[in-house]
Amino acid sequence: MWRHFCSYYQLIEAAGGVVVNSKREVLWIKRNGKWDLPKGKVESGEKVEDAAVREVEEECTVRGISRGALLGVTYHTYSYMSKAILKKTYWYVNDLFFKTSS
């Protein structure tokens, strides 16, 4: 049944992270008027784990993120340029806190 469902969509893999600072605050981004966790597409030949760190650093302009354990995998669907997309996102939690520049 799952394969049949997936056959209706173009699969895109993404990776992101749940990043927490020393005050136990979660790092969020606002994209298209909605709050979201930082994530993005896995580039060709890139490891999912590396993509998670790269995407968080790029989208949030932070450096020194340490990738922790895989938190889970989510799926969501959307339409893009008349194509049905199924996005599979790998979520990692960070082991170490990021440093804020203040």
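Treating cross-link reach as a plain straight distance, find the lysines whose alpha-carbon is under 26 Å from the alpha-carbon of K41, omitting any fewer than eight places away in the same chain. Result set, ordered by chain and number: K30, K83, K87, K88, K99. Given the choices (1) 20.2; (2) 14.6; (3) 14.0, Kirkwood radius over Cα pairs in Å derived from the coordinates of this structure is entry (2). Going by the alpha-carbon gyration tensor, a ≥ b ≥ c the square roots of its eigenvalues, is the range 1-44 rounded (a/c under 1.5) or, if a/c is not under 1.5, prolate (a/b greater than b/c) versus oblate? Prolate, since a/c reaches 1.5 and a/b exceeds b/c. Every helix of 4 or more DSSP H residues in the chain counts as -39500 (n - 2.57), and over all residues that averages to -5000 deg cm²/dmol at 222 nm.
Each value in this text was obtained by applying a stated rule to the coordinates, not by laboratory testing. All values reported here derive from a predicted model rather than from experimental measurement.
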